[in-house]
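Please read the structure below before turning to the comments.
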Amino acid sequence: MKKNLILIQFLLISVTVLSQDIQTNLRTQLNEYLVAFTQGDTERAVNYIYPDLFVWMEKKAKNEGYKYGLEDMKKDFAESLAEMNRIISQTPKKVKFFWSLEDLEKIAEVNNYIIYICKTSLIGKIENEEIKLGDVTVCISSDRGITWRFLNRDDENCPEILRIRFADSIVQKVMAK
């Protein structure tokens, strides 16, 4: 009986530590993605994007009668990042930009997939004033929390993208939070 209690305690401690490691990996990789995004590091940022977004974009383009491959997507993404960074570079030097990650919440675990959502905010600070642009990011791991990919949660496209891989009940949980 005592061995069983020790085994149960060990398992509980292991699950807690593993959960903390998963969240640490998630926070670290989400921060890397957001920093790459704002610094115009297209290649790095694209590597963190949830891959079914590209599957969805390619399918949508094909349905609309034109070819739109991964390289086209990367080019468009790079142009968007360059424009955003051009705007940022024109701001007064006193402005500092940083990211805020808030309210990390586990939504589901399906097979090897783990899904979290996180409120993310880009904050521009000048002296005592702050401008905060917030959003919700869907965080998806296909290997039980080791590596993470990210998708902006918007009402229009996110549900379609998530339905490529996940049941409607999971999609509804993601969109409801």
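The values are calculated or read from the model by the stated rules, or taken from the named source; none is laboratory data. Keep in mind that what you see is a predicted model, and the values were worked out from it rather than measured. Positions of Cβ are generated from backbone atoms using ideal geometry, with glycine treated the same way; all protein chains shown enter the neighbour counts. For accessibility, only protein heavy atoms count, side chains too; no ligands or nucleic acids. Shrake-Rupley method; radii C 1.70, N 1.55, O 1.52, S 1.80 Å.
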Among the residues that make up the stretch 33-47, is at least one of them modelled with pLDDT of 80 or more, among the β-branched types (Val, Ile, Thr) and within 15 Å of Cys139 (Cβ to Cβ)? no
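Table: residues versus (1) of a type in the set (Val, Ile, Thr); (2) farther than 24 Å from Gln39 by Cα; (3) modelled with pLDDT of 95 or more; (4) exposed (fewer than 14 other Cβ atoms within 10 Å of the Cβ).
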site	(1), (2), (3), (4)
Ser89	no, no, no, yes
Lys93	no, no, no, yes
Asn111	no, yes, no, yes
Ile126	yes, no, no, yes
Ile140	yes, no, yes, no
Lys173	no, yes, yes, no
Ala176	no, yes, no, yes
Can you tell me which of Lys96, Lys74, Lys67 is touching a Lys or Arg at 6+ places or on another chain (Cβ under 9 Å) and among the basic types (Lys, Arg)? Lys96
Within the set of pairs 6+ apart or on separate chains, which have a first residue in the stretch 150-170 that is touching a residue at least 60 places away in the same chain (Cβ under 8 Å), a second that is crowded, with 16+ Cβ neighbours inside 10 Å and in a loop (DSSP other than H, G, I, E, B), and C-beta atoms under 7 Å apart? Phe150/Tyr50; Leu151/Tyr50
State all residues of the stretch 54-84 that are hydrophobic (A, V, I, L, M, F, W, C), at pLDDT below 80 and in contact with a helix residue (DSSP H, G or I) (Cβ under 8 Å, 6 or more places away or on another chain); if no residue qualifies, say none. Leu70, Met73, Phe77, Ala78, Leu81, Met84
Those residues of the stretch 153-163 which are closer than 17 Å to Ile114 by Cβ and open to solvent by 20 Å² or more (accessible area, probe 1.4 Å), in sequence order: Arg153
